[in-house]
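The values are calculated or read from the model by the stated rules, or taken from the named source; none is laboratory data. Computed from a predicted model, the values in this text were never measured in an experiment. A quick note on method: Cβ atoms are made from the backbone with ideal geometry, for glycine too, and the neighbour counts reach across all protein chains shown. Protein only, heavy atoms only, side chains kept; ligands, DNA and RNA dropped before computing areas. Shrake-Rupley method; radii C 1.70, N 1.55, O 1.52, S 1.80 Å.
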Amino acid sequence: MALFNLTINGEQHQVDVVPDTPMLWVLREHLNLVGVKYGCGIAQCGACTIHLDGVAVRACSLPVSSIGDRAITTIEGLSPDGSHPLQQAWLEHDVPQCGYCQTGQIMNAAALLAKNPSPSDEEIDRAMQGNICRCGTYLRIKAAIKTAAAG
Amino acid sequence: MASVKTTLNRRSFLKVSALAGGGLMLGFNWACKPAPAASALKAMPESWYGINAFLKIGENGLVTIMSPNPEIGQNVKTSMPMIVAEELDVDWRDVVVEQAGLDTQSFRRQLAGGSQSIRQGWKGLRMAGATARRMLLEAAAQRLNVPVDELTTDAGIITHAGTGQSLGYGDVASEAASVTVPEEVELKDPKDFKIIGTTRKNVDALKIVTGEPLFGLDFHRDGMLIAMIEHAPAFGMKLKSLDATAAKAMPGITDVITIDAAPEGFDEQWSDVNAFPEKVVVLGRSTWEVMKAKKALVIEWEADSKLESTADHTEGMAGLLQSGRAEVARRDGNPEAAFQNAAQVIERTYSAPFLAHNTLEPMNFFADVKEDSAELVGPIQTPEFLRKSVSSILGLPEDKISIMMTRMGGGFGRRLYGNFGVEAAAISQAAKAPVKLVYTREDDMTQGTYRPAYQVIYRAALNEQNELIGFHVRGVGIHGSPVFANRFPAGTVDNYLAENLELDSNVSTGAWRAPRSNFIAGAEQSFLDEVAEAAGKDPIDFRLELFDRAIANPVGERNDYDAERYAGVLRLVREKANWGADMPGVHRGVSAYYCHNSYVAQVVDLVIEDNQPRVQKVWCAVDCGIVVNPGAARNQVEGGIVDGIGHAMYSALSFQEGRPVQRNFDSYRLIRQAEAPREIETFFIDNGIDPTGLGEPSLPPVSAALANAFAKATGTRLYDQPFSSNMEAVELSEPTG
């Protein structure tokens with residue numbers, strides 16, 4: 001066990017965990033931020049996507065000891081109330097079916113739009129290729145990203 | 001209005017007067033604090049009045065509607081309360097939806113499966129709303145001292161036109177709660193629907209996109225332990241020895257135990273599919289620590305039956321298809337003579353592999369088992385059956401066991417089989433502690449309950465006039481045959497034979513979204529495309545001719561479809577897609593299928609780009625009767641299409657000496673964003689018929705529409721799934737003309 005100081009959603013947190021604990025479990029079980037989801041544990045499904053200094057990363061494969069003083073953003077910190085343009089676009093297009101992958105999809109899309117505010121269809125395809133939606137809501141995900149980008 | 005008898009049972013209308021704070025429904029609520037469904041017009045009330053098990057009304061007119069069925073992403077948590085709200089006649093913005101727990105005295109069929117929630121819930125939900133409305137009207141009539149028949153309702157307001165008086169539902173809710181339950185109620189004429197038939201957004205959407213706890217894995221109870229399992233690595237193996245010394249010594253680990261989730265005398269339900277009831281269980285304080293300890297277990301497994309490989313399955317099924325003694329499921333006319341006399345016989349074989357369900361939320365369940373009671377919380381499509389199994393394994397009566405259904409991160413049939421819930425209960429009982437059982441993705445993908453592997457041979461006989469005079473289907477599966485003997489084209493051809501075969505195996509299988517249909521529709525509709533081609537006919541015209549036959553003069557009396565409705569979706573998709581139009585570079589395939597009481601026809605537009613096939617557009621016509629929530633219905637249809645294309649193209653679960661070869665998403669391929677169709681357009685038949693299934697029917701036919709389009713593009717037919725592994729050999733090039 002070791003103490004780690006983390007900057008998450010603009011706030012300081014201290015956790016006492018095994019150093020190789022992935023951020024996924026630190027966030028879910030030690031900080032009660034459960035918007036980040038467990039899907040595969042090997043960075044293949046994207047359900048655990050968070051931002052590290054604004055870059056989309058897979059929290060399931062990111063040990064807490066590797067974070068240092070870099071800033072973490074989770075879906076809970078993307079906006080205080082669901083008002084981020086992507087969250088609003090997700091509501092407008094009524095994207096979710098089961099909903100389990102959607103926070104990861106939104107976090108990945110938010111990192112994309114931060115880099116590329118008006119991505120083409122092909123750029124969206126490429127950027128979102130790491131996020132599985134088992135229910136198959138891909139068309140609505142793409143439509144929502146385009147709506148958010150246009151807004 | 002139609003007058004109908006109220007057939008709900010007594011408890012459903014148990015009246016509770018002046019119940020404060022939620023009364024009857026409290027205790028079912030854990031993470032999901034009630035939140036207004038849409039942009040709420042009203043604040044949370046101070047008192048709730050329970051009118052019946054489905055709904056309670058606040059003094060300010062806010063209405064809580066219980067959603068009885070498990071939510072797996074099929075959107076029943078929005079669509080079922082819409083049906084209650086319609087007959088209650090309230091403003092949807094004044095509705096709050098709560099998930100009900102398992103309560104077999106109040107609700108019927110709290111089950112998510114077979115695309116039946118709306119179809120089988122339809123009348124009961126309407127009655128629940130209509131009955132409550134009637135009770136509110138009677139209370140208002142008393143209060144205003146006017147005849148009840150002179151009162152009308154609109155959006156939660158009761159009006160007496162004669163005197164101009166009006167009351168809100170909240171004003172009379174307290175009195176309505178003690179009105180005698182009417183024996184008959186009037187239901188609305190569907191043409192007067194205001195909520196049904198309009199798009200209402202997912203009531204959980206805001207919680208989903210903000211990451212609030214909704215799913216089973218999100219459930220937390222202070223003091224609970226995390227439990228994870230190891231099961232045998234291969235079908236046909238069992239535990240030989242366990243050395244848990246190292247694992248137990250690891251930080252955060254409280255114990256390592258073994259359980260048997262199907263012991264002697266266990267009263268097995270149909271939902272108890274469990275290839276590995278004997279499990280090693282690691283218990284500890286956090287998931288990561290338990291995951292690490294799992295890897296430190298020293299376990300020896302030994303074979304106790306044959307360790308099968310995919311080659312055994314493939315050859316075994318092929319052998320049965322060639323020479324196995326089949327069960328004759330249906331026989332019309334003289335098929336042997338028809339094939340002997342045919343001018344042309346077409347024969348094709350189709351196959352598909354095992355598939356894992358791969359819900360994105362892996363299996364999990366919370367259980368807190370005490371001496372005389374048990375509480376379970378988690379994602380389950382069949383809570384009623386889970387409770388029976390849990391009752392048997394714990395030795396506790398069912399009424400001492402509560403089950404709360406969480407929102408599910410996908411179902412697809414996997415969560416019909418609640419072995420993980422039974423295991424959680426057994427673990428909690430053994431550990432004498434509340435536990436949350438969590439499967440890793442690898443545990444989830446390797447534990448069985450797969451979509452069966454299938455093979456089928458189709459044969460068609462055509463006469464000199466290119467008419468279909470004989471049809472023969474012979475199917476085999478592990479486990480069960482995929483053939484539906486009484487579905488199309490049965491009934492359209494004089495000489496018909498359907499045969500079933502089954503290959504035994506120790507690999508466990510279960511229902512997977514649109515069971516059997518998910519394979520046989522694609523095979524049948526691909527085959528008919530080739531038969532139409534051999535007959536020199538347009539594939540839609542060819543099918544419509546067969547339906548004409550089934551309408552005018554059907555063969556046999558057990559045909560399980562309505563030929564007019566079937567033909568209706570084909571005609572609609574033909575018109576909408578402008579079938580037959582010249583579209584350079586676009587290759588089109590068609591398919592149609594009937595399952596779960598609904599009819600679907602699809603046209604796939606395929607293009608070749610960078611030597612890769614890409615689905616440009618799917619046109620889809622659906623007849624599922626009344627569409628309760630059109631936007632959500634389209635979402636289901638789109639999801640089924642993407643799911644159907646994805647699994648037909650990319651997915652397979654194979655075996656090497658009993659071991660599942662694919663254990664996670666690095667080797668088990670699922671469809672992703674760049675492979676999804678660019679566009680899907682869905683058209684619903686508007687016929688006013690009571691609603692039928694929609695969670696499954698759009699999936700089965702699409703693999704054939706895709707394969708038929710691919711054949712148009714390349715001249716190559718696809719017979720074996722996953723298609724992508726066969727496409728590699730096909731020369732693909734950009735269209736030249």
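Modelling each spin label as a point 7 Å along the Cα-to-Cβ direction, I'd like the B:V730/B:T159 distance in nm, to one decimal.
6.1
Report, for the protein assembly as shown, the % of DSSP beta bridges that are antiparallel, rounded to 5.
Numbers: 110 of 142 bridges.
Roughly 75 percent of the DSSP beta bridges within the protein assembly as shown come out antiparallel.
What is the local net charge at B:T314, summed over the other residues whose Cβ is closer than 14 Å to its Cβ (Lys, Arg +1; Asp, Glu -1)?
Values: positive: none; negative: B:E308, B:D312, B:E315, B:D720.
Computed value for this residue: -4.
Express in Å², to the nearest 10, the accessible area of B:W301 obtained by rolling a 1.4 Å probe over the protein heavy atoms while all chains stay in place.
Rounded to the nearest 10, the figure is 60 Å².
Efficiency by 1/(1 + (r/R0)^6): what FRET value for B:E657 and B:E150, r their Cβ-Cβ distance, R0 = 56 Å, to the nearest 0.05? Write out the running numbers ahead of the final one.
Values: r = 78 Å, r/R0 = 1.39.
The calculated FRET efficiency here is 0.10.
Determine how large the accessible area of A:S66 is when every protein chain is in place; take a 1.4 Å probe and give Å² rounded to the nearest 10.
Probe radius 1.4 Å; accessible area of A:S66 about 50 Å².
Could you give the distance between the Cα centres of the stretch B:300-322 and the stretch B:117-148, to the whole Å?
58
Determine, from the Cβ-Cβ distance of B:V328 and B:I689 and an R0 of 30 Å, the FRET efficiency 1/(1 + (r/R0)^6), rounded to the nearest 0.05.
Details: r = 34 Å, r/R0 = 1.13.
FRET efficiency, B:V328 to B:I689: 0.35.
Convert 4 °C to kelvin, take the viscosity as 1.567 mPa s, use the Kirkwood radius over C-alpha pairs of the stretch B:453-727 as Rh, and evaluate the Stokes-Einstein diffusion coefficient in µm²/s, rounded to a whole number. Provide the component values of the computation, followed by the final result.
Details: Rh = 19.1 Å.
Result for D is 68 µm²/s.
A 24 angstrom limit on the alpha carbon distance is what I want to check against. Which of B:K238/B:K370; A:K37/B:K56; A:K146/B:K207 exceed it? Please report the intermediate quantities before stating the final value.
Working: B:K238/B:K370 30 Å; A:K37/B:K56 34 Å; A:K146/B:K207 22 Å.
Too far apart for the 24 Å limit: B:K238/B:K370; A:K37/B:K56.
Computed over the Cα atoms of the protein assembly as shown, what is the ratio Rg over Rh, Rh following Kirkwood? Can you show the working numbers first?
Values: Rg = 28.0 Å, Rh = 28.8 Å.
Rounded to two decimals, Rg over Rh is 0.97.
I'd like the distance between the alpha-carbon centres of the stretch B:213-231 and the stretch B:514-543, rounded to an integer number of Å.
Using only Cα atoms to place each centre, the spacing works out to 46 Å.
Please identify every one of the GluC sites (Glu not before Pro) in the stretch B:351-387 that sits in a loop by DSSP and has no more than 12 other beta carbons within 10 Å of its own beta carbon. Provide the component values of the computation, followed by the final result.
Numbers: sites: B:E371, B:E375, B:E384; in loops: B:E371.
Passing sites in the stretch B:351-387 are B:E371.
If you rank A:D69, B:D255 by how much accessible surface each has, with a 1.4 Å probe, what is the order from largest down? Don't skip to the answer; put the middle values down first.
On the way: A:D69 140, B:D255 60 Å².
From most exposed to least exposed: A:D69, B:D255.
For B:V298 and B:W270 in one chain, what is 0.36 nm times their gap in residues minus the Cα-Cα distance, to one decimal in nm? Walk me through the numbers before you get to the answer.
Details: separation 28, 0.36 × 28 = 10.08 nm, distance 3.36 nm.
That works out to 6.7 nm of additional length.
Considering Cα pairs under 8 angstrom that are at least six residues apart, work out the relative contact order of the stretch B:492-643 and quote it in whole percent.
Details: 142 pairs, mean separation 26.2, N = 152.
That works out to 17 percent.
Rounded to the nearest 500, what is the 222 nm mean residue ellipticity of the protein assembly as shown from helices alone, with -39500 (n - 2.57) per DSSP H run of 4+ residues and division by all residues?
On the way: 22 runs with 249 residues, N = 888.
The per-residue figure over the protein assembly as shown is -8500 deg cm²/dmol.
In whole Å, how far is the Cα centre of the stretch B:409-433 from that of the stretch B:692-706?
30
Using a Förster distance of 45 angstrom, determine the FRET efficiency expected from the C-beta separation of A:D16 and B:E278, and round it to 0.05.
Working: r = 36 Å, r/R0 = 0.80.
E(calc), rounded to 0.05, equals 0.80.
What lysines does B:K191 reach when the alpha-carbon gap must be under 25 Å and sequence neighbours fewer than 8 apart in one chain are set aside?
Once the sequence-local lysines are set aside, what remains near B:K191 is B:K5, B:K77, B:K123, B:K201.
Tell me the chymotrypsin sites (Phe, Trp or Tyr not before Pro) within the stretch B:81-134 that lie in a loop according to DSSP and have at most 13 other beta-carbon atoms within 10 Å. Mind dumping the intermediate values first?
On the way: sites: B:W92, B:F107, B:W122; in loops: B:F107.
Qualifying residues, ordered by number: none.
Report the accessible area of B:K201, computed with a 1.4 Å probe over the heavy atoms of all protein chains in place, in Å² rounded to the nearest 10.
Its heavy atoms expose roughly 100 Å² to the probe.
Give the relative contact order (percent, whole number) for chain B; include only Cα pairs under 8 Å separated by 6+ residues.
Details: 1726 pairs, mean separation 99.5, N = 737.
About 13 percent, as a whole number.
At a probe radius of 1.4 Å, figure out the A/B buried accessible area, summed over both chains, and give it in Å² to the nearest 100.
Details: alone 7820 and 28510 Å², together 31590 Å².
What A and B bury together is about 4700 Å².
If you take the square roots of the eigenvalues of the alpha-carbon gyration tensor of chain B and sort them as a ≥ b ≥ c, do you get rounded (a/c under 1.5), prolate (a/b over b/c) or oblate? Present the calculation step by step, with values, prior to reporting the outcome.
On the way: a/c = 2.01, a/b = 1.18, b/c = 1.71.
Oblate is the answer for chain B, as a/c is 1.5 or above yet b/c matches or exceeds a/b.
Can you tell me, using C-alpha contacts under 8 Å and at least 6 residues apart, the relative contact order of the stretch B:594-737 as a whole percent? Provide the component values of the computation, followed by the final result.
Working: 244 pairs, mean separation 55.0, N = 144.
After rounding, I find 38 percent.
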